[in-house]
Amino acid sequence: MQVDLRDAYLLIAPRPIVLITTVDKQGRINAAPMSWVTPVESDPPTVAFSTSYESDTYHNICETEEFVINLVPEKIKKQMYLCSKNFPRGVNELEKAKLSWEPSLKVKPPRVVECPANLECKLDWKHEGPEYVVIGGRVVAANAQRDAFKDGRINVSFVRPLLHISDKNFAVAEREIGL
Ligand SMILES: Cc1cc2nc3c(=O)[nH]c(=O)nc-3n(C[C@H](O)[C@H](O)[C@H](O)COP(=O)(O)O)c2cc1C
């Protein structure tokens with residue numbers, strides 16, 4: 001079957017969901033779920049994600065040039081979804097969703113405590129498209145809970161990463177399989 005081209009992106013799924021935390025120049029915290037996210041290089045460690053020019057995430061990164069990518073586990077799916085609501089700029093979605101945060105090691109945006117792994121990033125480059133902007137970040141610190149990173153890789157049965165299919169449809173990665 002042919003899929004409508006506007007739905008083409010839905011065929012690259014399911015994708016891991018992250019909460020991206022940023023701060024504005026006054027230090028006010030913002031958190032937004034994103035799934036258009038990918039590593040682009042391992043050395044230097046670089047990650048990228050796509051967002052709209054309207055997002056508070058984009059405005060905060062323009063102001064303060066830092067962000068943290070927090071891996072979302074299944075157990076916070078409701079809180080994650082609440083963070084996607086369109087709160088006014090300056091509202092801390094983590095507070096609204098009753099999630100907790102702690103200082104990062106190398107950047108001002110905090111890490112989400114309930115997320116078992118996170119990447120602290122500094123803005124490296126921006127690719128400005130007509131509707132969307134792709135933001136590239138240099139990873140300056142990478143952190144994981146001990147049980148979340150086992151034998152040099154994500155422990156999916158412990159983390160249960162939440163994956164995005166579309167709208168309010170999700171999947172969970174829960175079992176590792178070998179070749
Ligand atoms: C599971 C999920 C994935 C999302 N992925 C993205 C994404 O990759 N890029 C994006 O701009 N918005 C994405 N959104 C929508 C944003 O989370 C939403 O527009 C949010 O209000 C932006 O927050 P902000 O204005 O605080 O940055 C996603 C929403 C959900 C629920």
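The values are calculated or read from the model by the stated rules, or taken from the named source; none is laboratory data. Please read these numbers as outputs of a predicted model, since none were measured by experiment. Counting neighbours? That spans all protein chains shown, and the Cβs are built from the backbone with ideal geometry, glycine included. Accessible surface areas use protein heavy atoms only, side chains included; no ligands, DNA or RNA. Shrake-Rupley method; radii C 1.70, N 1.55, O 1.52, S 1.80 Å.
Pop the C-beta distance of Arg89 and Leu123 into the FRET formula with R0 = 25 Å and round what comes out to the nearest 0.05. Working shown, then result.
Values: r = 18 Å, r/R0 = 0.74.
The value I calculate is 0.85.
Across segment 16-164, how many lysine pairs, 8 or more apart or on two chains, come within less than 12 Å at their alpha-carbon atoms? The partial results should precede the final answer.
Values: Lys25/Lys108; Lys78/Lys96; Lys78/Lys98; Lys85/Lys96; Lys106/Lys122; Lys108/Lys122.
Lysine pair count for segment 16-164: 6.
Quote the accessible area belonging to Thr46 in square angstrom, nearest 10, computed with a 1.4 Å probe and with ligands, DNA and RNA left uncounted.
Approximately 0 Å² for this residue.
Hey, how many Å between the Cα centroid of segment 31-99 and the Cα centroid of segment 102-179?
10
With all protein chains present, how much of the accessible area of segment 16-164 (probe radius 1.4 Å) comes from carbon and sulfur, to the nearest whole percent?
On the way: 3990 of 7670 Å².
Here it works out to 52 percent.
For segment 12-28, just list the computed ³J(HN,Hα) in residue order, Karplus coefficients 6.51, -1.76 and 1.60, θ = phi - 60°, integers in Hz, with x standing in for Gly and Pro.
Going residue by residue, I get 9, 7, x, 10, x, 9, 10, 9, 9, 9, 9, 10, 8, 5, 8, x, 6 Hz, with x marking Gly and Pro.
Running a GNM on the chain with Cα contacts under 10 Å, which residue among Arg15, Arg28, Arg111 ends up with the highest mean-square fluctuation?
Arg28
Obtain the nm distance between the two label points defined at Ala141 and Gln2 by a simple spin-label model: each point lies 7 Å from its Cα along the Cα-to-C-beta direction.
5.2
Would you kindly derive the ³J(HN,Hα) couplings of segment 141-153 from the backbone phi angles with the Karplus curve 6.51 cos²θ - 1.76 cosθ + 1.60 (θ = phi - 60°), listing them in order in whole Hz, with x for Gly and Pro?
7, 10, 10, 8, 5, 3, 6, 7, 10, 10, 6, x, 7
What does the accessible area per residue of the chain come to in Å², with a 1.4 Å probe and no ligands, DNA or RNA counted? Walk me through the numbers on the way to the answer.
On the way: 10570 Å² over 179 residues.
Each residue of the chain exposes 59 Å² on average to a 1.4 Å probe.
Express the Stokes-Einstein translational diffusion coefficient of the chain in µm² s⁻¹, to the nearest whole number, given a Kirkwood radius over alpha-carbon pairs, 37 °C and a viscosity of 0.692 mPa s. Intermediate results must be reported in sequence, preceding the final value.
Working: Rh = 16.7 Å.
Diffusion coefficient, whole number: 197 µm²/s.
Work out how much length Glu102 to Phe158 would gain on full extension: take 0.36 nm times their residue separation and subtract the Cα-Cα distance, in nm to one decimal.
On the way: separation 56, 0.36 × 56 = 20.16 nm, distance 2.15 nm.
Additional length available on full extension: 18.0 nm.
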